[in-house]
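To keep things clear, I will list the structure first and then write my remarks on it.
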Amino acid sequence: MNAIGLSRDIKQKGQELGFDLVGISKAEKLEQEARDLESWLMQGKQGTMDYMSGYFDQRVDPRLLVPGAKSVISVIHNYFPESAPHAGIFPKISTYAWGEDYHTVLKRKLYALFEYIRQKVGEVAGRVFVDSAPVMDKAWAKKGGLGWVGKHTNLIHPRKGSWFFIGEIILDLDLEYDGPIRDHCGTCTRCLDACPTAALSPYQIDASRCISYLTIELKEAIPIEFQGKMDGWAYGCDICQEVCPWNRFSTPHTEPAFNPRSHLQLTTEEWEEITISQFNKAIRPTAMSRIRREKWINNLRFLKLLPQARQLQDKDKGSHEENEIAESDA
């Protein structure tokens, strides 16, 4: 089968598996992105995420991740919800973490797509990626024509908005390549204006000021300068997407795995009372499993959602052994 016909079939199969769009680009070094990433790192905007500077060469050249790679297949999967789960009752958790862990869901579908490709063409070398390796997913989705990277640094599609997960298959197979689409942000600055911690400048994010970073990645205490500026977000943040005018085109997803898990629908008081093993069980099926209970409690405390900070801190320290046991069972 020629590259054009195979590429068409891959896109069709991807949509049958539940991906909203599939784009294909040539596997090559990301020259401009490499320069931009180096500058961003030199400015220290990665905060404490030291891993962002690791594997730099592999991060900007997929041929170093998959020897002989010729193509990057990018997919986007909508996770926009039909409605928020009891908005206002529970601590604010970013929408992407409400359902089953997207890493698991997307990888399951990407492996199915990869197997389909092998059935069509025979043995082919490649790897599946969903935030699991140094891959610049938004850059590849952009090159594959799946949208442009907006001023808030998220991928935006002109007819579908920006509530997407992104994944890739990098493989040593020649395919028909798509091209990028133009930027449609124009003079709009709604995302920049709405960010309460001033983490955004046009097309660049200072991760060390981002609420998602502060509530997830930052292991130490949230700096006091952000007191009163978190807009109530306890895990992640959706503000820049909520205000983006292109998201008026977003439609609810149809993936049952992304429906809100009842495990996370707890009031602040209920979160305070559950044990560490119960906490681990509640977050295990979701992307929220990236944080420990101590970090979660500290986030709620910082937002002034929990009283008696000293007593809670002592309680957390006293339960260190229980935490280690619970995690070993997870």
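The values are calculated or read from the model by the stated rules, or taken from the named source; none is laboratory data. Since the model is a prediction, treat every value here as computed from it, not as a measurement. So basically every Cβ, Gly included, is an ideal-geometry build from the backbone, and we count neighbours across all protein chains shown. SASA here: full protein model, heavy atoms, side chains in, ligands and nucleic acids out. Shrake-Rupley method; radii C 1.70, N 1.55, O 1.52, S 1.80 Å.
Overview of values
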item: Positive dipole terminus of the chain, leading residue within Ala287, Leu110, Ser250 (C-beta point charges); result: Ser250
item: Over 32 Å between alpha carbons, listed pairs Lys109/Lys304; Lys92/Lys151; Lys229/Lys281; Lys45/Lys92; Lys11/Lys45; Lys160/Lys304; result: Lys109/Lys304; Lys11/Lys45; Lys160/Lys304
item: Relative contact order (%) - region 155-243, alpha-carbon pairs under 8 angstrom, separation at least six; result: 28 percent
item: Convex hull of region 100-151 built on C-alpha atoms - directionally averaged projected area, nm²; result: 4.9 nm²
item: Highest average packing first - 201-208, 137-144, Cβ atoms within 10 Å; result: 137-144, 201-208
item: Mean Cβ count within 10 Å, highest first, over the residues of peptides 286-295, 91-100, 266-275, 188-197; result: 91-100, 286-295, 188-197, 266-275
item: Length-normalised contact order for the chain - Cα pairs under 8 Å, 6+ apart - percent; result: 23 percent
item: Region 206-250-region 20-61 distance, computed between alpha-carbon centres (Å); result: 22 Å
item: Positive dipole terminus of region 124-255, leading residue within Leu200, Gly236, Gly186 (C-beta point charges); result: Gly186
item: Size of charge dipole - the chain - debye, nearest 20, with Cβ of Lys, Arg +1 and Asp, Glu -1, no other charges; result: 660 debye
item: Accessible area per residue, Å², the chain with all protein chains present, probe 1.4 Å; result: 48 Å²
item: Axial C-alpha extent at least 27 Å, average Kyte-Doolittle at least -0.5 - helices from the chain (DSSP); result: 102-121
item: Estimated translational D of the chain in µm²/s (Stokes, Kirkwood radius over Cα pairs; 25 °C; 0.890 mPa s); result: 116 µm²/s
item: Cα-based equivalent ellipsoid of region 167-308: semi-axis lengths in Å, sorted from largest, via gyration tensor; result: 31, 23, 15
